[in-house]
Amino acid sequence: MNIAQKIAKESTITFSGLLYGNLNRYLYIVLLARWVGVEYLGIYSLANSIILIAEVLAKMGLETGIMRFVSRLDPQQDREQIKLVVGSALKMTSFFSLLVMAILILGSGWLVYSVLDEQTLLRTVLIVFALTIPLNAFTIVSAFATQGFKLLKYKVFATQIVNPTVILGVMVLSFLFISKEAAIILPMVIKGIIGCVLMYFFLRKLSGLRFNEILSAPFNKQILTFSYPLMFVTILQTFMHWMDILMLGYFIDAGTVGLYYPAARTAGLLQLLLLSFISIYAPILSQLHSKGEMGEMSRLCKLVSRWILTFAIPISLIFVLYPAKVMLLFGADYIVSAPVLVLLTGASFIQAVLSVPGAALTMSGYTQLALWNSLGAFVLNIILNVVLIPRFGIYGAAWATMISLVTIGLARVIEVRWILGLSFLSRKMIKPILAGAITWWCLWRIRPIVMDYHTLVTLSVVSLLSCLVYGIGLWVMKFE
């Protein structure tokens, strides 16, 4: 199997899992929005965004570091070294995650009452969510360790099939048989426990690592030195991803966050395409860079960028041309967020297409440059949110996100071209762009016909037409 086939195979596995996982999470948000209302959805969104940021601190960038270090070792000849490296990373993760959990629990009152000026329920949700930080951090770092073996099935099964299924199932049962509050709280707790146990089982099966070896492993300064700049990169990226929600909560209220969050989650579905390819592309890129195979790195950068562009176009067209129908899935109250969906879809599309060169920087060892990129985008995002949210509300938050993501994407493209001599552009991209233009025309022409039908009927028809017209267009142009 050559490298392109390996990427295609593992990306297909990842995409299938991400598709299932994101559909489950999407259904989770749809049902939660309809059952608990805008205010409770806003409370969940605020608590979830804070916890995700805290988890980044807990992981210390070790998920990317462990993937890079393991991917450069031979699973057969370097088995003991791999166990030592993975054990050290998991021990450091456990230490930092317990520290972050304690700080967040102790500071929850100040954060909820003084900063966000919200009700007691948010503090309760935040404290319970904080208890899952060590479990989630351990799960994620373990999953990336298995990814370093260039096998994605373990990570995909645990994080994209089991976890989303547990979250959705527990939420439905909690709402039907306990309360709305339990529907928000319990899914995260049960998911954290099951995901941690399952991922440890897979990691032990793959590497032979035992729990006592994790406890006895020393702190690996080399991994930590490589990883901690990536922690700040991920912190800044996570902050930027959730900054619009946090600042909407700060400047306005949880109800406004509840209106914004479904649109952000919907546009975020495009990220599953990026994650599908980057998950296998990154460790292979690291291996190629260690061997000095720059020509192959350049070819793969163009190939993966073209694949992401190709799959992102038909999905983006539906979100852009039929945003009101998409938001009606959450209920009539959320139709006001339709313009937000259009803006965030544009931001997610550009981010997906321009993020492939960014992975080349990180896997080539330019972690400090990646940190400065993220810091610049983060500062820009804060300034834009402060200026735009008080004046334009949820629309200002969407514009701030779009401008920030476009800026950092273009910066990475220029830097990769200048430093590594890599480019994501190729003439072969013209074919999916032309097919997308034809598909856009067809979807626009049928709008007056399908808009009067039920939301599910309209979205089903346009989704089928989008895939059919786009696929035929690529086939006629003999897409490689």
| Looking at (1) in contact with a Pro (Cβ under 8 Å, 6 or more places away or on another chain); (2) open to solvent by less than 50 Å² (accessible area, probe 1.4 Å); (3) farther than 17 Å from Met188 by Cβ, can you tell me which one Leu116 breaks? | (1)
| query | How many residues are surrounded by 13 or more Cβ atoms within 10 Å (Cβ to Cβ), in contact with a Ser or Thr (Cβ under 9 Å, 6 or more places away or on another chain) and not in a helix (DSSP H, G or I) when one looks only at region 452-480? | reply | 1
| query | Is it fair to say Gly421 is within 28 Å of the chain's Cα centre (by Cα), exposed (fewer than 13 other Cβ atoms within 10 Å of the Cβ) and modelled with pLDDT under 85? | reply | yes
| message | Checking the condition within 30 Å of Lys9 (Cβ to Cβ) and open to solvent by 30 Å² or more (accessible area, probe 1.4 Å), which residue from Val166, Val197 passes? | response | Val197
| message | Against the condition assigned to a helix (DSSP H, G or I), modelled with pLDDT under 85 and open to solvent by less than 20 Å² (accessible area, probe 1.4 Å), how does Ala338 come out, does it pass? | response | no
| request: Tell me, please, whether a residue that is at pLDDT 80 or above, assigned to a helix (DSSP H, G or I), open to solvent by 80 Å² or more (accessible area, probe 1.4 Å) and farther than 25 Å from Gly21 by Cβ can be found in region 178-193. | output: no
| task | Mind listing just one residue for me: the one in region 351-379 that is in a helix (DSSP H, G or I) and open to solvent by 50 Å² or more (accessible area, probe 1.4 Å) and, of those, farthest from Ser316 (Cα to Cα)? | result | Gln368
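The values are calculated or read from the model by the stated rules, or taken from the named source; none is laboratory data. Everything quoted here is computed from the prediction, not taken from an experiment. Positions of Cβ are backbone-derived with ideal geometry, glycine not excepted, and every protein chain shown enters the neighbour counts. Quick note on the areas: whole protein, heavy atoms, side chains included, nothing else; ligands and nucleic acids left out. Shrake-Rupley method; radii C 1.70, N 1.55, O 1.52, S 1.80 Å.
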